[in-house]
Amino acid sequence: MSGQHESNPQSDQAFYDRIAHAYDFIADANEHTARERGEAALNLQPGERVLEIGFGTGNSLIDLAKAVGDTGSVAGVDVSPKMRDVAAGKVAEAQLGTQVELLVGDARKLPFPDDSFQAAFTSFTLELFEPDDIAKVLAEVKRVLEPGGRLGVVSMAVVPAGEQESTLERTYKWMHQHFPHIVDCHPIDVDTVLKEAGYSVAHSDRMDIWTMPVGIVVGAA
Ligand SMILES: C[S@@+](CC[C@H](N)C(=O)[O-])C[C@H]1O[C@@H](n2cnc3c(N)ncnc32)[C@H](O)[C@@H]1O
């Protein structure tokens, strides 16, 4: 749950390079349940080709590769070379190296031709970007997905209308506003950003982490 307010690839890279080796301890211990629910909601099938945006330390890459099996494949794009190194170690240890391709790059400019994937996945990454950049990332993912392809998003989410924000949620937002170099992400309305980017929402679920809502949403391109 951490990076830079301005969605600047160089500062994001420096930040995530610094925390790559500690990330599982800092964040994934709290986030893995939501991440795994998002993977399950994507309902991957053997043989599918799937893309992960912001793969971090690679935990989902391994789950995605197992779900698509030997006949499928996974490509991942992350801006941090150090995250890539940590993820590559886990992929090698899981003996999934032939199925998984890891690229260092910017999610706003994906290095793949149109219609390359049947599915895509991203967890705790979309909410790092400012609104214009969220639109760019979602447009890029839509471009590289086949028509009708699915995008699974797990993201810190806004508190739904009619519900009260918890003290922790308010503190988190305040921290993002005043100390974006420490708390880089900001809750988003996942269903709405997907719809605005031209996806139809096929699945929308929610859980809370420490009283803060997390959206688990699948959009169809
Ligand atoms: C909060 S971490 C989440 C990692 C992983 N998805 C997870 O759930 O554990 C965000 C990841 O997005 C990557 N990232 C940040 N900005 C990016 C960009 N512009 N393009 C691609 N990846 C980016 C970071 O390097 C980091 O690995």
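For the stretch 9-220, state the semi-axes of the equivalent ellipsoid (square roots of 5 times the eigenvalues of the alpha-carbon gyration tensor), sorted largest first and rounded to whole angstrom.
Values: eigenvalues 127, 81, 52 Å².
Its equivalent ellipsoid spans semi-axes of 25, 20, 16 Å.
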Legend entry - Dipole magnitude of the stretch 131-221, debye to nearest 20 (Cβ charges: Lys/Arg +1, Asp/Glu -1, about Cα centre): 160 debye
Legend entry - Nitroxide proxy distance, nm - points 7 Å out along Cα→Cβ at D85 and A22: 1.7 nm
Inset, instruction - Report, in deg cm²/dmol and to the nearest 500, the calculated mean residue ellipticity at 222 nm for the chain, where each DSSP H run with n ≥ 4 adds -39500 (n - 2.57) and the sum is divided by the residue count. - result: -11500 deg cm²/dmol
Inset, instruction - Putting +1 on Lys and Arg Cβ atoms and -1 on Asp and Glu Cβ atoms, find which of A197, S80, L128 reaches farthest to the positive end of the dipole of the chain. - result: S80
Legend entry - Candidate aspartates and glutamates for bridging to K82, where Cα separation is under 19 Å - those fewer than 8 sequence places away on the same chain excluded: D12, D17, D24, D28, E52, E93, E101, D106, D184
Inset, instruction - Enumerate by residue number the trypsin sites (Lys or Arg not before Pro) in the stretch 123-182 meeting two conditions: DSSP loop (anything except H, G, I, E, B), and at most 10 other Cβ atoms within 10 Å of the site's Cβ. - result: none
Legend entry - Simple Cβ-charge dipole of the stretch 9-220, Lys/Arg +1 and Asp/Glu -1, about Cα centre, in debye nearest 20: 120 debye
Inset, instruction - Please identify, among S166, S11, S73, the residue showing maximal mean-square fluctuation in a Gaussian network model of the chain using a 10 angstrom Cα cutoff. - result: S166
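Report the relative contact order of the stretch 9-220, percent, no decimals, based on alpha-carbon pairs under 8 angstrom and at least 6 residues apart. Don't skip to the end; give the middle numbers.
Working: 409 pairs, mean separation 42.2, N = 212.
Averaging sequence separation for qualifying contacts and normalising by length gives 20 percent for the stretch 9-220.
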Legend entry - Within a Gaussian network of the chain (alpha carbon springs, distance under 10 Å), most fluctuating of A75, A22, A88: A22
Inset, instruction - Quote the relative contact order of the stretch 117-180 in percent (integer), defining contacts as alpha-carbon pairs under 8 Å separated by 6+ residues. - result: 43 percent
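Readers should treat all values here as calculations from the given coordinates under stated rules, not as data from a laboratory. Keep in mind it's a predicted model, so treat the numbers as computed, not measured. FYI the Cβ positions are ideal-geometry reconstructions off the backbone, even for glycines, and counts take in every protein chain you see.
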